[in-house]
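*Asks:* One structure coming up, written as structure tokens, with questions to follow.
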Amino acid sequence: MKNSLKRNEDFKKCYKYGRSYVNSYLVLYVCGNETGKNRLGISVSHKVGNSVVRHHISRLVRESYRLHEDMFNSGLDMAVVARSRARQAGFHEIESAFLDLTAKAKLHRDAGDLIEKNGKENSDCNDHVLS
């Protein structure tokens, strides 16, 4: 994934200025960016488990995003923080939790946008997310 949040400053910006959405497995922070493309960042604490468990959860979240990335608005920074209950969750639970959070955040394009997705960007996305 080329467009991902990697720098600490990017995560801090999402935490400070973005909106947060929570469920039992994940926390999602969302803020707008100027690139016109979505960037995903995943944070899994040492409290969740050892490196194998943390990497497994990261892969599950990344795959959940990859499978559904066409349905999201453009120009977003999304920071996903795994909670300790995610340790016991499988792919379908993580995917469901991720989609639930993105639906709560109203990040999904409507059906009309998906049909005409010729690379057009949704210009009101930044205003919606940051308001």
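*Asks:* Counting just the residues of the range 46-64 that are farther than 19 Å from residue 101 by Cα and in contact with a helix residue (DSSP H, G or I) (Cβ under 8 Å, 6 or more places away or on another chain), which one comes out surrounded by the fewest Cβ atoms within 10 Å (Cβ to Cβ)?
*Replies:* Kept after step one, since they are farther than 19 Å from residue 101 by Cα, are these residues of the range 46-64: 46-56.
Checking which are in contact with a helix residue (DSSP H, G or I) (Cβ under 8 Å, 6 or more places away or on another chain) leaves us with 46-49, 53.
Details: 46: 8, 47: 10, 48: 18, 49: 17, 53: 14.
Filtering the range 46-64 for residues that are farther than 19 Å from residue 101 by Cα and in contact with a helix residue (DSSP H, G or I) (Cβ under 8 Å, 6 or more places away or on another chain), the one surrounded by the fewest Cβ atoms within 10 Å (Cβ to Cβ) comes out as 46.
*Asks:* Considering (1) in contact with a Gly (Cβ under 8 Å, 6 or more places away or on another chain); (2) buried (at least 21 other Cβ atoms within 10 Å of the Cβ); (3) not in a helix (DSSP H, G or I); (4) not β-branched (Val, Ile, Thr), say which one residue 28 fails and leave the rest.
*Replies:* (1)
*Asks:* Here are 40, 67: which of them is in contact (Cβ under 8 Å) with a residue 24 or more places away in the chain and either on the phi > 0 side of the Ramachandran plot or surrounded by 14 or more Cβ atoms within 10 Å (Cβ to Cβ) (or both)?
*Replies:* Matching residue, one of 40, 67: 40.
*Asks:* Let me ask something else. Restricting attention to the range 70-108, and to residues there that are surrounded by fewer than 20 Cβ atoms within 10 Å (Cβ to Cβ), hydrophobic (A, V, I, L, M, F, W, C) and under 19 Å from residue 52 (Cα atoms), which single residue is nearest to the chain's Cα centre (by Cα)?
*Replies:* 91
*Asks:* Does residue 126 qualify as being in a helix (DSSP H, G or I), at pLDDT below 95 and closer than 27 Å to residue 16 by Cβ?
*Replies:* On the way: in a helix (DSSP H, G or I): yes; at pLDDT below 95: yes; closer than 27 Å to residue 16 by Cβ: yes.
So residue 126 fits the description; yes.
*Asks:* Got a sec? Which of 3, 33 is touching an Asp or Glu at 6+ places or on another chain (Cβ under 8 Å), in contact (Cβ under 8 Å) with a residue 12 or more places away in the chain and polar (S, T, N, Q)?
*Replies:* Numbers: 3 fails: touching an Asp or Glu at 6+ places or on another chain (Cβ under 8 Å).
None of the others qualify; the one that does is 33.
The values are calculated or read from the model by the stated rules, or taken from the named source; none is laboratory data. Source: prediction; values computed, not measured. Because the Cβ atoms are built from the backbone with ideal geometry, glycine has one as well, and the counts that use them run over all protein chains shown.
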